[in-house]
Amino acid sequence: MTAVTALALWVLGLSLALLLYTYAGYPLALWLAGRFRRLPPAGHAASDWPLVSISISAYNEEAQIRELIKSLLALDYPRERLQVLIISDGSTDRTDAIVAEYTDQGIELLRMAVRGGKTKAENAASELLRGDIVVNTDASTRILPGSLKPLVAAMCDPTVGCASGRDVSVGAEGADANRGESGYVGYEMTVRDLETRVSGIIGASGCFYAIRARLHRVPLPGTLSRDFASALHAREHGYRAVSVSDALCLVPRGQSLRKEYRRKVRTIARGMRTLWYKRRLMNPLREGVFAWMLLSHKVCRWMLPWAAVAALLALVALAPAYLWARLAVGLALVVMALGTVGWLTSDRAGVPKLFAAPAFLIAGNLAAAHALLRVLAGGEDALWEPTRREVVKAG
């Protein structure tokens, strides 16, 4: 065996080990650890419902802000214990006018004169939120009427500082574009349930999560991700963050994988900056199991694109000597071809199922690699044009 062959085998083995650990080994380790943990307490008396403030940042959302408001007004929660504040981040369309139509029903509007990005808008609004608990959501998400109470109930556990809802990825009836996202979201929600049993989730869902008001008021730089940071804030202040399986919210998946790719690059880049900002939480000597979870859930996933490139190069180096390596290279090329076709046709409904998973897999890993390069180059993402998703009707 030559030195090149030996090195290629080692690179291939390590790359495959990282892949298997990240997507299978880590959840399995969580499941085993969770067998020895007790579930957090659930629920509390209805008479104890605390004051809750729902905060929504919006930029040019006239197409769906009305349906959002209708869904919030339909929530099963004592109305006198609920504040709804919509932050218009310098909107130039009819968003503000539509929100103003509902002021007599208790919907509040804060207009930012100059657009500064979601995190900056949330920082500016924090002192206007009167609730003991702040619930964050966005204009495209629809919270099911019975989902707010389970989320708030979880927060009544004094050890919980942040509670995340369960995303349900939905699309237009009969539309097949970007179907791979639904499977991934389901997988991610399962991992968060497992993390809850062990030490708490390492990041909340930006679509629907609750946090104690005093933690929400901790200032955050505008280029960072508040939903990711919220779980880390909780940890720093002695709380845990949990996933609440009964707190369902509908999240419309993007019908264009190419547009979704741009969103993923921004989201991952902001997540990387947030993790660096909170990097002391990755110290296992200080944080123990939580640091292991943070490294496994985030860092390992962000390393996968580079591991995939290394594995492919190793296979190419091994192909002249091994039939199995030649077959593996051929299989990789087929997957890449299927993914590319799925990506290029993702703006159309009716994309064959065969293309959905490879396209989503390739897009997700390319987005992680792109995001890292963007962060290293010093790019910032405080401002962006929101990804316009399908409007989900209330009720």
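The values are calculated or read from the model by the stated rules, or taken from the named source; none is laboratory data. Given the structure is predicted, the values throughout are model-derived calculations rather than measurements. Glycine also receives a Cβ, built like all others from the backbone with ideal geometry; neighbour counts cover every protein chain displayed. The protein model used for the area step is the full one, side chains on, heavy atoms only, and it has no ligands, DNA or RNA in it. Shrake-Rupley method; radii C 1.70, N 1.55, O 1.52, S 1.80 Å.
Here are the numbers for this structure:
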item	result
From the options Ala332, Ala291, Ala314, residue that is of a type in the set (A, V, I, L, M) and more than 30 Å from Val4 (Cα to Cα)	Ala291
Any chance Leu19 is part of a helix (DSSP H, G or I), aliphatic (A, V, I, L, M), over 30 Å from Thr119 (Cβ atoms) and open to solvent by 70 Å² or more (accessible area, probe 1.4 Å)	yes
Some residue of the stretch 112-125 being without any contact (Cβ under 8 Å) to a residue 24 or more places away in the chain and not aromatic (Phe, Trp, Tyr)	yes
Looking only at the stretch 130-168, and only at residues there that are part of a loop (DSSP other than H, G, I, E, B) and of a type in the set (A, V, I, L, M, F, W, C), the one that is nearest to Lys118 (Cα to Cα)	Ala139
The stretch 68-98 - residue that is in a helix (DSSP H, G or I), touching a residue at least 40 places away in the same chain (Cβ under 8 Å) and closer than 24 Å to Glu127 by Cβ and, of those, farthest from the chain's Cα centre (by Cα)	Leu72
When residues of the stretch 113-129 are limited to those that are of a type outside the set (A, V, I, L, M, F, W, C) and in a loop (DSSP other than H, G, I, E, B), the one modelled with the lowest pLDDT	Gly116
Lone unmet requirement of (1) farther than 22 Å from Leu194 by Cα; (2) in contact with a helix residue (DSSP H, G or I) (Cβ under 7 Å, 6 or more places away or on another chain) for Leu281	(1)
Matching residues, the stretch 306-345, being outside any helix (DSSP H, G or I), open to solvent by less than 80 Å² (accessible area, probe 1.4 Å) and of a type outside the set (Val, Ile, Thr)	Ala319, Ala321, Tyr322
For Ile133: the one exception among (1) modelled with pLDDT of 95 or more; (2) open to solvent by 40 Å² or more (accessible area, probe 1.4 Å)	(2)
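Let's see how each residue does on (1) closer than 25 Å to Glu195 by Cα; (2) open to solvent by less than 10 Å² (accessible area, probe 1.4 Å):
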{"residue": "Val218", "(1), (2)": "yes, no"}
{"residue": "Pro221", "(1), (2)": "no, no"}
{"residue": "Ala234", "(1), (2)": "yes, yes"}
{"residue": "Ala241", "(1), (2)": "yes, yes"}
{"residue": "Tyr277", "(1), (2)": "yes, no"}
